[in-house]
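What follows is a set of notes on a single structure, which appears directly below.
The values are calculated or read from the model by the stated rules, or taken from the named source; none is laboratory data. Since this is a predicted model, take the numbers as computed values, not measurements. Cβ sites come from the backbone with ideal geometry, for glycine too, and all protein chains shown count toward neighbours. Ligands, DNA and RNA are stripped out before the accessible areas are found, and what is left, the full protein with its side chains, is counted by its heavy atoms. Shrake-Rupley method; radii C 1.70, N 1.55, O 1.52, S 1.80 Å.
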Amino acid sequence: MLARNNNENESVSEKARPIGDVEDLKRNMAGKSVQGSVSLVLSEIGCNVFRLVGTVILARLLTPEHFGLISMVTALTAFAEMVKDLGLGTATIQQKEITHEQISTLFWINAGVGACFMLLLACASPLISWFYGDTRLLWISIAISSSFLFGGLTIQHQALLRRQMQFPRLAFIQVLSTALSTVIGIVLAWKGFEYWALVWKEVSRVVIQASATWFLSHWLPGLPMRGVGVRTMLQTGSHVSGFNILAFASRNLDQVLLGKLWGAGPVGLYKQASQLLLLPTSLFSFPITYVMTPALSALQGDPERYRRYYKGVVSFLAFCYMPVVAYLAVYSESIVAIVLGEKWLASASVIRILAFAACVETVAATSGIVMITCGKTKAYLVLGGFQAVVSALAICIGVNWGIVGVATAWVACIYLSLLPSLWFSFKGTPISIRLFFEAISLPALSSMIMSLLIVIIRNYFRSPDVLIDIAYSLLLAPLLYFAVWMLLPGGKRQFMEYLPMMLRALETLPLPVWLRGALIKA
């Protein structure tokens, strides 16, 4: 909560007061979590609709090379994207108590770093152009650099909204910025701006997001002050930021090396495959994991509730997204043909391969949330170093075989580092490796059996029409998944544990009263 500073006698200004404190969140953790998750799920649905429509239209107006040019720049700017945050947004959320003076000081630090990185990237644009050997990247880099300034101005406002679990406001901001920027990108592409349509799509999204966040946060920063106790938060933030730098550097190394060795076309194919796989899975993973950090931070003094909450959330997350990943792997070619078009079919094999990593990557990433909320940020940084080295080595080997080699290397990296990473992450926390695998075992097994059954059925009943094949599968896959789930040992009991969460979610949906009542009754 926003508390009175120990060295100050003045009250915190009205604009800096929170909507709710940590104790209030703890008393209503289930309700806040479900409400927040539902809000973010709805926003993800809205965003995914706009992203999907935008992808379908832009993929036909532009070429893989156009997408590849933007990915080659953003793969490098991801380094600066992680540094400009300094992890101070996470530090604000993780603190048990925080003052207006502290947040104001952190705001000006983030704003200053964002401005510095905008200038740094603009000055480095000739080097980026030289590195790839493409003069078009010079002005692309300069244009994209402006996003760092606007991003730095919103970090603390977003952190306050997350800390107070004001997820409906964050959801609205996300949908608004995605929708308007997608429209801008489509209009510019239609007008013949080619790759510049993608550049201004990205820049406009950040500008709209910053404007809406300031308007809805109801918080204005004061002047920066010394001696207000931000040193510990800076240390926490530096550890989180260091991990993010290492993670994003290693995760974007694939696009950098593909661009350098194979050109913009393969980068565009690989990037679109990754995004197409991420698009539906983020519908579940982003809202649930986004809520976890403030929720587990509030429960860090109650180990038993901490364990129960973590296991329930991870299990439900796996229940929602694992079958989606399995489905995408089976129907990758048909989905690519419908969404992107025939010229993108080479990306289907990448989706099939990356799906093996995506099955465990999202749930494994929750171990980092455990480390942050338990105050193990220094160990979190060490973990980032280990994962960065392993993934970098794997990608450097795999890039010799193009996009398929890189995807295969990434899958190998995820599975080889899984157990060591989980052991290191959970050491000294209320969570154990056994609890983690107990949480995901039933969803993982159900998803594998479902995908095998779909493959067998497709061999005998496959329509030559792609649209009919997909429409049929959208009915078949959920039925098979649910049937397998209920037949497996513990499936019925686990599903009954999910019911209260689903009912709370239905109660918060913006539906007509009669429809909501009918769904709950059913």
Need pairs with beta-carbon distance below 9 Å; first residue under 20 Å from LEU345 (Cα atoms) and of a type in the set (Asp, Glu) and within the range 460-487, second open to solvent by less than 70 Å² (accessible area, probe 1.4 Å) and not in a helix (DSSP H, G or I); sequence gap 6+ or separate chains.
ASP469/TYR331; ASP469/SER463
Flagged in the range 337-381 as touching a residue at least 24 places away in the same chain (Cβ under 8 Å), open to solvent by 50 Å² or more (accessible area, probe 1.4 Å) and in a helix (DSSP H, G or I), in numbering order, are ILE338, LYS343, ALA346, PHE356, GLU361, LYS378, LEU381
Return the residues of the range 417-432 that are more than 23 Å from the chain's Cα centre (by Cα) and either of a type in the set (Gly, Ala, Ser) or within 21 Å of TYR321 (Cα to Cα) (or both); say none if nothing qualifies.
GLY428, SER432
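Looking at VAL406, VAL411, VAL399 in this structure, which one is part of a helix (DSSP H, G or I) and either among the polar types (S, T, N, Q) or open to solvent by 20 Å² or more (accessible area, probe 1.4 Å) (or both)? Reasoning before the result, please.
Working: VAL406 fails: either among the polar types (S, T, N, Q) or open to solvent by 20 Å² or more (accessible area, probe 1.4 Å) (or both); VAL399 fails: either among the polar types (S, T, N, Q) or open to solvent by 20 Å² or more (accessible area, probe 1.4 Å) (or both).
Of VAL406, VAL411, VAL399, the one residue that is part of a helix (DSSP H, G or I) and either among the polar types (S, T, N, Q) or open to solvent by 20 Å² or more (accessible area, probe 1.4 Å) (or both) is VAL411.
Specify which of the listed residues (PHE148, PHE167) is among the aromatic types (Phe, Trp, Tyr), farther than 29 Å from GLY301 by Cα and open to solvent by less than 30 Å² (accessible area, probe 1.4 Å).
On the way: PHE167 fails: farther than 29 Å from GLY301 by Cα.
When all the criteria are applied, what remains is PHE148.
Results for (1) under 23 Å from LEU58 (Cα atoms); (2) at pLDDT 75 or above; (3) among the charged types (D, E, K, R); (4) open to solvent by 30 Å² or more (accessible area, probe 1.4 Å), shown as yes or no for each residue.
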residue: ASN244; (1), (2), (3), (4): no, no, no, yes
residue: ARG251; (1), (2), (3), (4): no, no, yes, yes
residue: LYS260; (1), (2), (3), (4): no, yes, yes, yes
residue: PRO266; (1), (2), (3), (4): yes, yes, no, yes
residue: LEU277; (1), (2), (3), (4): yes, yes, no, no
residue: VAL291; (1), (2), (3), (4): no, no, no, no
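Starting from residues that are of a type in the set (D, E, K, R) and at pLDDT 70 or above, keep the ones in the range 489-504 and report whichever is nearest to LYS311 (Cα to Cα). Even if it seems obvious, please write down each step before you answer.
To start, the set of residues in the range 489-504 that are of a type in the set (D, E, K, R) comprises 492-493, 497, 504.
Add one more test, that the residue is at pLDDT 70 or above, and what stays is 492-493, 497.
Values: LYS492: 17, ARG493: 15, GLU497: 12 Å.
Only one residue tops the list, namely GLU497.
Can you name the residue in the range 447-493 that is in a helix (DSSP H, G or I) and of a type in the set (Gly, Ala, Ser) and is also surrounded by the most Cβ atoms within 10 Å (Cβ to Cβ) among such residues?
Within the range 447-493, the match that is surrounded by the most Cβ atoms within 10 Å (Cβ to Cβ) is SER447.
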I'd like to know if the range 208-215 contains one or more residues that are modelled with pLDDT under 70, open to solvent by less than 30 Å² (accessible area, probe 1.4 Å) and within 19 Å of GLY112 (Cα to Cα).
no
The lone condition LEU419 fails out of (1) over 21 Å from LYS376 (Cβ atoms); (2) out of contact with any helix residue (DSSP H, G or I) (no Cβ under 7 Å at 6 or more places or on another chain) is (1)
